[in-house]
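Enquirer: I'd like to ask you about the structure that follows.
The values are calculated or read from the model by the stated rules, or taken from the named source; none is laboratory data. Predicted, not measured: the structure shown is a model, and the values here were computed from it. Ideal geometry is used to build each Cβ from the backbone, glycine not excepted, and the neighbour counts take in all protein chains shown.
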Amino acid sequence: MKHQGIDYRISLLRAAAFHGSSHQAVMVLQVLVPRQLRKFDIGRHRLQFIYQTLSAFSQANKPEWLAQIKSDAGYAKVAGVELTLLDCVRYLHRAAGINSVAQIVKDLGAKADPHRLARLANIYENSSVRRLGYLLELAGHARHAKVLEPFARKAKSLKPLDPAVKPLIASLAASKERNPKWMLVIDEPVEVIS
């Protein structure tokens, strides 16, 4: 990445494993970048690039939100705990879905600094922050969830917990549980391993 002149950060499942949440074998190195790049393999390593808009990327990819991981080529940038949590919720389906993200939130939630989490949440979409707040509360990290409540109060409409879940019959969508505190429609049951 240095040779190409592209800024980056390792995030999602690999960053979660780096911080101590490793319930799944990470088969791919997921790298957030500010431009579109194709995935490729280097030997037995698979690299997947996830595009984040330049403005959001440049705000989030600051040294204060990053950590370092030792690699064969030196040190690489990896998302810090708070950034990993927000990235996983934002890129839910790249992080193996809602249940995988809920497990990551359960494992890493207590390690996050609530004030840093609240500051960093300003960079992300309100719906992603609300999803993270709901998952933190569900995992028993009430102090961390509480700092995200102001984002839910700003919400003007309900959003689905899992945006990819589409009911087969339109009338079934209205029967889903609603969480007015986080302004979310709980369209998918969340299961976390204890």
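Enquirer: So in region 81-131, with the set limited to residues that are outside any helix (DSSP H, G or I) and of a type in the set (D, E, K, R), which one is farthest from residue 158 (Cα to Cα)?
Expert: From region 81-131, those outside any helix (DSSP H, G or I) are 91-97, 112-113, 122-125; that's our starting set.
Narrowing the set further to residues that are of a type in the set (D, E, K, R) leaves 94, 113, 125.
Details: 94: 23, 113: 27, 125: 14 Å.
Here the residue is 113.
Enquirer: Here is a follow-up. Exactly one of these conditions fails for residue 113: (1) acidic (Asp, Glu); (2) farther than 22 Å from residue 142 by Cβ; (3) at pLDDT 95 or above. Give me its number.
Expert: (2)
Enquirer: Just a yes or no: is a residue in region 102-110 touching a strand residue (DSSP E or B) at 6+ places or on another chain (Cβ under 7 Å) and buried (at least 24 other Cβ atoms within 10 Å of the Cβ)?
Expert: Initial filter on region 102-110 (touching a strand residue (DSSP E or B) at 6+ places or on another chain (Cβ under 7 Å)): none.
There is no residue in region 102-110 that is touching a strand residue (DSSP E or B) at 6+ places or on another chain (Cβ under 7 Å) and buried (at least 24 other Cβ atoms within 10 Å of the Cβ).
Enquirer: Being surrounded by fewer than 20 Cβ atoms within 10 Å (Cβ to Cβ) and either touching a Gly at 6+ places or on another chain (Cβ under 8 Å) or part of a strand (DSSP E or B) (or both) is the filter here; which residues of region 30-40 pass it? Reasoning before the result, please.
Expert: Our first condition is that a residue be surrounded by fewer than 20 Cβ atoms within 10 Å (Cβ to Cβ); within region 30-40, this holds for 33-40.
Within region 30-40, 33, 40 meet the criteria.
Listed here are the residues, each with its yes/no results for (1) modelled with pLDDT of 95 or more; (2) under 16 Å from the mean Cα position of the chain (by Cα); (3) under 22 Å from residue 14 (Cα atoms).
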position	(1), (2), (3)
105	yes, yes, yes
108	yes, yes, yes
120	yes, yes, yes
124	yes, yes, yes
137	yes, yes, no
169	no, no, no
183	yes, no, no
